[in-house]
Ligand SMILES: NC(=O)c1ccc[n+]([C@@H]2O[C@H](COP(=O)([O-])OP(=O)(O)OC[C@H]3O[C@@H](n4cnc5c(N)ncnc54)[C@H](OP(=O)(O)O)[C@@H]3O)[C@@H](O)[C@H]2O)c1
């Protein structure tokens with residue numbers, strides 16, 4: 001299994017496991033010192049791709065928390081130039097809820113704030129967090145294409161999309177990545193053709209919630225087949241879930257979340273797990 005993977009056609013290579021930084025900024029977030037240790041452990045373990053969003057925060061008064069934290073950690077570690085940070089725009093957090101706003105005006109405002117919070121002149125990968133049913137997708141993606149032309153972002157990504165939405169976006173501008181919820185217990189993006197379309201079009205597929213997400217990750221431990229395979233390999237059920245994704249294609253870049261150092265340290269080891277055909281067949285059926 002390849003431990004370094006091309007980040008689509010961006011010319012950059014990334015480690016096979018990225019860091020999903022969301023748990024470091026929600027209302028269940030750890031203290032800042034622990035959060036910095038999680039980022040340091042990821043980079044110390046060889047990781048070089050971090051996923052964030054302007055709305056990884058507590059509410060609308062806290063927007064940019066995760067981006068500022070990542071910048072602070074990378075600056076402290078002297079790694080600002082080495083680590084690829086991908087962020088997103090297109091949601092809001094009124095009173096701590098999650099709402100979609102894919103209007104060109106909001107996307108521009110969000111991107112310009114992310115540039116400040118990440119303290120950079122150009123965001124390497126800027127993802128539309130989700131299509132907005134109130135705004136034609138072509139308008140949302142069109143604004144991202146304008147931000148790219150202006151040099152504020154280098155590459156455009158999509159999130160929470162189906163194949164039709166990906167094709168619509170591709171008709172407007174090149175797309176580097178697609179990020180959808182996807183894990184061994186939730187295989188929609190495999191079944192509906194999104195993962196295959198990404199491979200065909202040279203895009204990275206970034207499974208979010210790759211071990212089940214904020215609430216459902218505990219389900220891995222309840223799955224007898226996963227537990228059995230994990231015991232056979234002498235690794236955690238989390239590593240099995242991540243290894244299964246990595247075995248599904250070199251264009252797949254899982255971004256496990258962590259608010260504890262032990263979680264990300266364990267997840268990074270998934271690149272060493274070689275699953276047998278029988279393991280994969282069993283996991284495919286779940
Ligand atoms: N685009 C979108 O709409 C969207 C939506 C959701 C998430 N995301 C992105 O995807 C990333 C991952 O999703 P997620 O953080 O929601 O869920 P996840 O990666 O499935 O992880 C959920 C939780 O599982 C625990 N965990 C992960 N690996 C572990 C390990 N090896 N051993 C023990 N526990 C482990 C962590 O708990 P602890 O916190 O206790 O360490 C983590 O917070 C997010 O951080 C975010 O960047 C994007």
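Since every read-out is calculated from the coordinates, none of them should be taken as a lab result. Just so we're clear, the structure is a prediction, and the values are computed from it rather than from any experiment. All Cβ positions, glycine included, derive from the backbone under ideal geometry; neighbour counts span all protein chains shown.
For region 193-286, the square roots a ≥ b ≥ c of the C-alpha gyration tensor eigenvalues yield an a/c of 1.5 or more together with a/b not exceeding b/c, which makes the shape oblate. Between the Cα long axis of helix 237-247 and the first principal axis of the chain there is an angle of about 70°, rounded to the nearest 10.
Where does each of 117-123, 25-31, 240-246, 89-95 land if you order them by average Cβ count within 10 Å, highest first?
Descending mean neighbour count gives 240-246, 89-95, 117-123, 25-31.
Taking Cα atoms only, the orientation of helix 224-233 departs from the longest principal axis of the chain by about 80 degrees. Taking label points 7 Å from Cα along the Cα-to-Cβ direction, residue 33 and residue 228 give a separation of 4.5 nm.
For region 1-155, the share of DSSP beta bridges that are antiparallel, to the nearest 5, is 30%. Under the rule a/c < 1.5 gives rounded, and otherwise a/b versus b/c splits prolate from oblate, where does region 119-263 land using the Cα gyration tensor? Taking the square roots of the gyration eigenvalues as a ≥ b ≥ c, region 119-263 is prolate. Rounded to the nearest Å, what's the spacing between the alpha carbon centres of region 109-158 and region 33-72? Just the number, please. Their Cα centres are 19 Å away from one another.
Shape verdict for region 5-127, please, from the Cα gyration tensor: rounded (a/c under 1.5), prolate (a/b greater than b/c) or oblate. Walk me through the numbers before you get to the answer.
Working: a/c = 1.86, a/b = 1.25, b/c = 1.48.
The shape class here is oblate.
With both partners inside the chain, how many of the DSSP beta bridges are antiparallel, as a percent to the nearest 5? Given both bridge residues lie in the chain, the antiparallel proportion sits at roughly 20 percent.
Computing FRET efficiency as 1/(1 + (r/R0)^6) for residue 173 and residue 282, where r is the C-beta to C-beta distance and R0 is 30 Å, gives about 0.15.
With an 8 Å cut-off on Cα pairs and a minimum separation of 6 or more residues, tell me the relative contact order of region 13-163 in percent.
Working: 269 pairs, mean separation 29.1, N = 151.
It rounds to 19 percent for region 13-163.
With the simple spin-label model, which puts each label point 7 Å out from Cα in the Cβ direction, the residue 199 to residue 116 separation comes to 4.4 nm.
Once every DSSP H run of n ≥ 4 in the chain is given -39500 (n - 2.57) and the sum is divided by its residues, what mean residue ellipticity at 222 nm do you get, rounded to the nearest 500 deg cm²/dmol? Working shown, then result.
Numbers: 13 runs with 118 residues, N = 286.
It lands at -11500 deg cm²/dmol.
Evaluating kT/(6 pi eta Rh) at 4 °C and 1.567 mPa s, with the Kirkwood radius of region 166-219 over Cα pairs in the Stokes-Einstein relation, gives 109 µm² s⁻¹.
The simple Förster model, with R0 at 22 Å and r as the Cβ-Cβ distance, assigns residue 272 and residue 76 a FRET efficiency of 0.15. With R₀ fixed at 30 Å, the C-beta to C-beta distance from residue 192 to residue 61 puts the FRET efficiency at about 0.25. The C-alpha atoms of the chain define a longest principal axis, and helix 65-77 lies at about 70 degrees to it.
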